[in-house]
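Right, one structure below, let's go through it.
The values are calculated or read from the model by the stated rules, or taken from the named source; none is laboratory data. Keep in mind that this is a model prediction, so the values were computed, not measured. Cβ placement follows ideal geometry from the backbone for every residue including glycine, while neighbour counts extend to all protein chains displayed. What goes into the accessible areas is simple: the full protein's heavy atoms, side chains included, and nothing from ligands, DNA or RNA. Shrake-Rupley method; radii C 1.70, N 1.55, O 1.52, S 1.80 Å.
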Amino acid sequence: MDLGAFERDNSVNCLLDSAVPSVCRTEPCSLGIDEAGRGPVLGPMVYGICYCPVARQRDLETLKVADSKTLTEAQREQLFEQLNEANDFVGWALHILSPNFISTSMQQRAKYNLNALSHDTAIGLIQHALDSGVQVAEVFVDTVGPAEKYQEKLKLQFPGLEVTVRAKADSLFPIVSAASICAKVARDRAVKNWKFLEDLEDASSDYGSGYPNDPKTKEWLAQTLDPVFGYPQFVRFSWSTAQTILESKAAPVRWDDSEDDSSQKSAQSLLCFFARKDAPAERPLHRYFHERKLEAVTSL
């Protein structure tokens, strides 16, 4: 699994896939779908599919794949390598959704919630497999939202396929377990090798699990907050944990139509962050200024 394309620009999404085994182009195949990283406030969400001929599912079971959440990182890596070595009958594809994309999608004027984003990503991966020549006959999906409605949606989109949507499908169907392992391994590697475009100075690299209720994650969020520009792109701005810290610790924005709002009168102006000061700044200028060759001025 080469994440080089995503690591070069982790602000955008990235699609990765294996070669399609020749047997998957001629025999009816079973395809499983699962995701990794839906809940964390940090890092990407990864959707994965894994597929193999229906007649070879017993062979897949001998690899002893299981729900990725029940496995250690080392076990997931080992199982992924076994799936990769079984490339004569197993294939996979991954869609890495950057935290930047997740945040902007959920905060745009026309709301695009996480469930809709997840459904569309899964649909896109099924279509990618079909377009790649995989003879998909049946699809097994770990549900997002009500299973019955999601299953009906997928059946309308792919009327020629047998679709099964279940809660905890990653523990019920080995092909979904395999997809879960592929997705989790990709996310773990992406998070571990994340390249920050922002200068985080001496900020700790220990950000915990990335889940909103993790004290280490909350501490890291508070530590890396820039009062004007917010968080690095590693953070999902749309998560309530991040928004709460922004509202309490970042510089408030005063809009033209809020001048009569008494709660805004004591707010610190954004202009104070651009004015020259006699005392040295506590932190160097954000890269935004360096990239645009901007300097502070004493008056406007």
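Pairing each residue of segment 2-25 that is among the aromatic types (F, W, Y) with any residue that is assigned to a helix (DSSP H, G or I), provided the two are 6+ apart or on different chains, yields C-beta distances under 7 Å for F6/A190. Taken across segment 78-85, residues that are surrounded by fewer than 21 Cβ atoms within 10 Å (Cβ to Cβ), modelled with pLDDT of 95 or more and acidic (D, E) do not occur at all.
For (1) closer than 30 Å to T143 by Cα; (2) surrounded by fewer than 18 Cβ atoms within 10 Å (Cβ to Cβ); (3) assigned by TED's automatic domain parsing to the domain that holds C14, each residue gets a yes or a no:
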position	(1), (2), (3)
A178	yes, no, yes
I181	yes, no, yes
V185	yes, no, yes
S205	no, yes, no
S209	yes, yes, no
W220	no, no, no
T224	no, no, no
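Before we move on, is M1 under 22 Å from the mean Cα position of the chain (by Cα) and surrounded by 18 or more Cβ atoms within 10 Å (Cβ to Cβ)? Against the criterion (under 22 Å from the mean Cα position of the chain (by Cα) and surrounded by 18 or more Cβ atoms within 10 Å (Cβ to Cβ)), M1 does not qualify.
Checking each residue in segment 206-243 for being assigned to a helix (DSSP H, G or I) and among the β-branched types (V, I, T) picks out T217, T224, T241. R25 meets the conditions (1) at pLDDT 95 or above; (2) surrounded by 14 or more Cβ atoms within 10 Å (Cβ to Cβ); (3) out of contact with any helix residue (DSSP H, G or I) (no Cβ under 9 Å at 6 or more places or on another chain); (4) not hydrophobic (A, V, I, L, M, F, W, C) in every case but one. The failed one is (2).
When Q127, Q108 are checked against the criterion of being surrounded by fewer than 16 Cβ atoms within 10 Å (Cβ to Cβ), farther than 26 Å from L79 by Cβ, in contact with a helix residue (DSSP H, G or I) (Cβ under 9 Å, 6 or more places away or on another chain) and free of Cβ contacts under 8 Å to residues at least 40 places away in the same chain, a single residue qualifies: Q127. Taking each residue of segment 211-226 that is in contact (Cβ under 8 Å) with a residue 40 or more places away in the chain and closer than 15 Å to Q243 by Cβ and looking for partners that are of a type in the set (A, V, I, L, M, F, W, C) and open to solvent by less than 20 Å² (accessible area, probe 1.4 Å) with beta-carbon atoms closer than 7 Å, six or more apart or interchain, yields P212/V41; T217/V41; T217/L42; L221/V235; L221/A242.
Go through segment 52-76 residue by residue and tally those that are out of contact with any Lys or Arg (no Cβ under 7 Å at 6 or more places or on another chain), touching a residue at least 60 places away in the same chain (Cβ under 8 Å), open to solvent by 10 Å² or more (accessible area, probe 1.4 Å) and not in a loop (DSSP other than H, G, I, E, B). Total meeting the criteria: 6.
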